[in-house]
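What follows is a set of notes on a single structure, which appears directly below.
The values are calculated or read from the model by the stated rules, or taken from the named source; none is laboratory data. Keep in mind that what you see is a predicted model, and the values were worked out from it rather than measured. Virtual Cβ from ideal backbone geometry, glycine too; neighbours counted across all protein chains shown. Keep in mind that these areas ignore ligands, DNA and RNA; they rest on the heavy atoms of the full protein, side chains included. Shrake-Rupley method; radii C 1.70, N 1.55, O 1.52, S 1.80 Å.
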Amino acid sequence: MKKLSLILINVVAALAVAGSASAQSAAGNGTPPPAEKSASKATHKPRQTMLDVLAKLDLTADQQAKLKDMQAKNLDQVKDLRKQMKDGKLSKEDAKKKMVELRKANQSALKSILTTAQSKEFARLLKEARHEKKKPGG
């Protein structure tokens, strides 16, 4: 289960990168320890939401392996984009556009890994989680 959690964390982290490309560089400061993450919805990150949703899908070993491969490819692509931006070869705007494209490609790849039932359940659970996050006091 730890291995699955690590794989899912990496996949979700890679998927969430595009949404946080313009976040402050010190965004990691003040992040609660893992045991406290679900204690406060105010500190509940999109990455954790995705992880929670994926963990409820009962993925097969084959699906886990495919997610791990997808994560590795995505991580390489994200690192490359960041390096290009750091080296001045890519503007911040272009990097954001490429990150959005990468996120869409990863979402498509994720859907191809999941069964139809898992994909529907994933969408339902994600929508539910996002709705809960938007509630006042939630």
**Item:** Unique residue being within 16 Å of Leu57 (Cα to Cα) and out of contact with any His (no Cβ under 7 Å at 6 or more places or on another chain) when the list is Gln118, Gln84
**Value:** Gln118
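With respect to Ala65, is the statement that it is more than 20 Å from Pro46 (Cβ to Cβ), open to solvent by less than 90 Å² (accessible area, probe 1.4 Å) and part of a helix (DSSP H, G or I) true?
Against the criterion (more than 20 Å from Pro46 (Cβ to Cβ), open to solvent by less than 90 Å² (accessible area, probe 1.4 Å) and part of a helix (DSSP H, G or I)), Ala65 qualifies.
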**Request:** Taking Ala117 as meeting all but one of (1) in contact with a helix residue (DSSP H, G or I) (Cβ under 7 Å, 6 or more places away or on another chain); (2) among the aliphatic types (A, V, I, L, M); (3) exposed (fewer than 13 other Cβ atoms within 10 Å of the Cβ), write down the number of the exception.
**Result:** (1)
**Complete:** The correct count of residues that are open to solvent by 50 Å² or more (accessible area, probe 1.4 Å) and either modelled with pLDDT under 90 or within 17 Å of the chain's Cα centre (by Cα) (or both) in the range 70-81 is 5
**Request:** For the range 88-114, name all the residues that are of a type in the set (Gly, Ala, Ser), open to solvent by less than 70 Å² (accessible area, probe 1.4 Å) and part of a helix (DSSP H, G or I).
**Result:** Ala95, Ala105, Ala109
**Fill in**
In the range 41-62, anything assigned to a helix (DSSP H, G or I) and either of a type in the set (A, V, I, L, M, F, W, C) or modelled with pLDDT of 85 or more (or both) is listed as Ala42, Met50, Leu51, Val53, Leu54, Ala55, Ala61, Asp62
**Request:** For the range 120-130, enumerate the residues that are open to solvent by less than 90 Å² (accessible area, probe 1.4 Å) and among the acidic types (Asp, Glu).
**Result:** Glu121
**Residue identified as modelled with pLDDT of 90 or more, under 16 Å from Ala55 (Cα atoms) and among the aliphatic types (A, V, I, L, M) among Ala109, Ala117, Ala105** = Ala117
